[in-house]
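Please treat every number below as a calculation from the coordinates, not as lab data. No experiment lies behind these values; they were computed from the predicted model shown. Quick reminder, even Gly has a Cβ in these numbers, built from the backbone with ideal geometry, and neighbours come from all protein chains shown.
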Amino acid sequence: MTKRYSAQFKQESIQYVQSHPESPIATIAQQLGVGYSTLDNWLRQHRKSIGLTKSASMSSDKQRIRELEKQVSHLTEVNEILKKAHVYFINNPSR
């Protein structure tokens, strides 16, 4: 049998999740006595109702961090290639 939750309980649950971004959704769901998928569905419906997509709901700081991590990864790869090229040309001076 499916449990029915009041609209007020759903709204309060969503507000609780939003006010505790550091806590995993699974932990919050367990504290509230609802299933993870139930709480996740409420959050998805809420985001959809206010017009947020997953990328739009991500804070600008998180987006900036993700971009910087990609850049660091790329630069690390380029640096490794340059190190290998340096060693190659040191060991083969005639080229």
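Just a few scattered comments:
- Sequence-distant contacts, meaning Cα pairs under 8 Å at least 6 residues apart, place the relative contact order of the chain at 16 percent.
- Degrees separating the helix 7-19 axis from the principal Cα axis of the chain, which is the longest one: 30
- Pairwise FRET efficiency - Y36 versus D61, Cβ, R0 = 22 Å, nearest 0.05: 0.25
- Per-residue packing, averaged as other Cβ atoms within 10 Å, sorts the ranges 75-85, 7-17 into the order 7-17, 75-85, beginning with the highest.
- Folded to 0 to 90 degrees: helix 36-49 orientation relative to the chain principal axis, Cα: 90
- Rounded to the nearest 10 degrees, the inclination of helix 60-91 to the longest alpha-carbon principal axis of the chain is 20 degrees.
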